[in-house]
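The block underneath contains the structure these notes are about, expressed in structure tokens.
The values are calculated or read from the model by the stated rules, or taken from the named source; none is laboratory data. Source: prediction; values computed, not measured. So basically every Cβ, Gly included, is an ideal-geometry build from the backbone, and we count neighbours across all protein chains shown. Ligands, DNA and RNA are excluded from the accessible area calculation, which covers all protein heavy atoms including side chains. Shrake-Rupley method; radii C 1.70, N 1.55, O 1.52, S 1.80 Å.
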Amino acid sequence: MNNFQYYNPVRIVFGENQIKQLSELVPTNARVLITYGGGSAQRTGTLDEVKNALSANGERQVFEFGGIEANPEFTTLLKAADMVNEHNIDFLLAVGGGSVIDGSKFVALVSSLTEEDGTVSREQAWDALTSYCRNLDSAIDLGAVLTIPATGSEMNSGGVINYSERQAKLPFGNPLTFPKFSILDPTKTFTLPERQVMNGVADAFVHVMEQYLTYPVNAKVQDGFAESLLKILIEEGAAVKADPENLETRKNLMWTATMALNGLIGTGVPQDWTTHMIGHELTSLHAIDHARTLTIVLPSVMRELKDSKKDKLLQYAHNVWNISSDAAQDDEATIEAAIVHTENFFRELGLPVSLADADLDQSAIDPIIKQLEVHKMVKLGEHGNNDLAVSRRILERALTSPA
Ligand code: NZQ
Ligand code: ZN
């Protein structure tokens, strides 16, 4: 196991009817900006529930900013940042999924980057984003009410921002954006369309894979936790499809998705975010849902990199899919069987596993490679040797599934 520091200060408040805890969690004299997405928080009544809880105790001033898109847009978020300054907001409360929480983290970081006229500088905010927001040293406090289990943003300090005009979807991370708390009420997920539920299962699955599928460093805790999370997602993914009203399944899915990307399984182990980085370009160029880009790319990453990832792929085959290597089946066949299981799992959830499944062909590849270059995604992988040629081969393999 490699050396590491593990730090995660996020208070998790989990369970039914826990939104009322906001009356204790948000400072009683705060000037709060509630941020939300395209309307689901209003339609489902969650926004009213949040406002009632905030008014229950104290003298809070409450403002609202709605309309944060799925794959949150830089230009929209800058309007929210201007609103922060206009109303002297000192607490952001994100009500939604990864897009709203990520977007709010970005607002928390960039709202201090003001011009002389008091508006937030678009250029400074863009420069900050292209440097992963690493060097920003102040942020507004933020809390979250999670409505979709998927990204883990509720318990980590990262985010991803889309800037359509510049054809860029870029990640950032800064410890100042760990939420002060996140409320995880699994009953809030009952209103999700099936597509979003399945996207969430797949996103969490790939988060675990990208912290697991590298090379062994004898990290038994991390590997054991990762394998458990994968098995739970396989089991509960099928369960939620068959019985979407089952609260126990919703609870397990919500906590699993949070655990998949709260830093715990990624400490002290190598990581490989190739699938995510290629996936971001697919979202930015073709508006494919985040999770669906991952299910398109991951099987080809596994096939293309099967030699450098051989030991972990065999471990994955044995421990997650119970595929045994025996005389009748060599390592190559065991690995291919594990990849086919992975693809079938995605297919059963209604997710694409190739570019063809998303109606894309060979002509999609050059522009993706160009964007990876522009975004300096030229040394991906646990060894930093997934260059553009490797990414191209991954995409060529992803044109259609061989299975
Ligand atoms: O916008 P509204 O109307 O709220 O609708 C949303 C949205 O259309 C809807 N929704 C959310 N909760 C609902 C609901 N509909 C009905 N009932 C509810 N309870 O679901 C749609 C998707 O929401 P979104 O927030 O976009 O989904 P998700 O949580 O999957 O977030 C995806 C974003 O997170 C980023 C992705 O790149 C993408 O931009 N990621 C963030 C990460 C992080 N911070 O660590 C890691 C991930 O890898 C990921 O990259
Ligand atoms: Zn993801």
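Expressed as a whole percent, the accessible surface of the chain that belongs to carbon and sulfur atoms is 47, based on a 1.4 Å probe. Stretched out straight at 0.36 nm per residue, the stretch from residue 127 to residue 88 would grow longer than its current Cα-Cα span by 11.6 nm.
Highest-first packing order for the peptide set 329-341, 85-97 is 85-97, 329-341, based on the mean count of other beta carbon atoms within 10 Å. The lysine pair count for region 194-397, using Cα distances under 23 Å and pairs eight or more places apart or on different chains, is 17.
In terms of the Cα gyration tensor, with a ≥ b ≥ c the square roots of its eigenvalues, is region 11-188 rounded because a/c is under 1.5, prolate because a/b exceeds b/c, or oblate? Cα axes put region 11-188 in the prolate bin.
In vacuo Debye scattering of the chain, one point per C-alpha: log10 I(q)/I(0) at q = 0.10, 0.13 Å⁻¹? Debye curve over Cα of the chain, log10 I(q)/I(0) at q = 0.10, 0.13 Å⁻¹: -0.65, -1.10. Over the chain, DSSP H runs of length four or greater, each weighted -39,500 (n - 2.57), average out per residue to a 222 nm ellipticity of -14500 deg cm²/dmol. In terms of its alpha-carbon gyration tensor, region 285-403 comes out oblate; a/c meets the 1.5 threshold, while b/c is at least as large as a/b. Placing unit charges on the Cβ atoms only, positive for Lys and Arg and negative for Asp and Glu, gives the chain a dipole magnitude near 360 debye about its Cα centre.
Going by accessible surface with a 1.4 Å probe and the largest first, 180, 309 read 180, 309. A simple packing score, the average count of other Cβ atoms within 10 Å per residue, orders the peptides 40-51, 101-112 as 101-112, 40-51, with the highest score first.
Accessible surface computed residue by residue for region 194-397, with neighbouring protein chains in place and a 1.4 Å probe, gives 39 Å² per residue.
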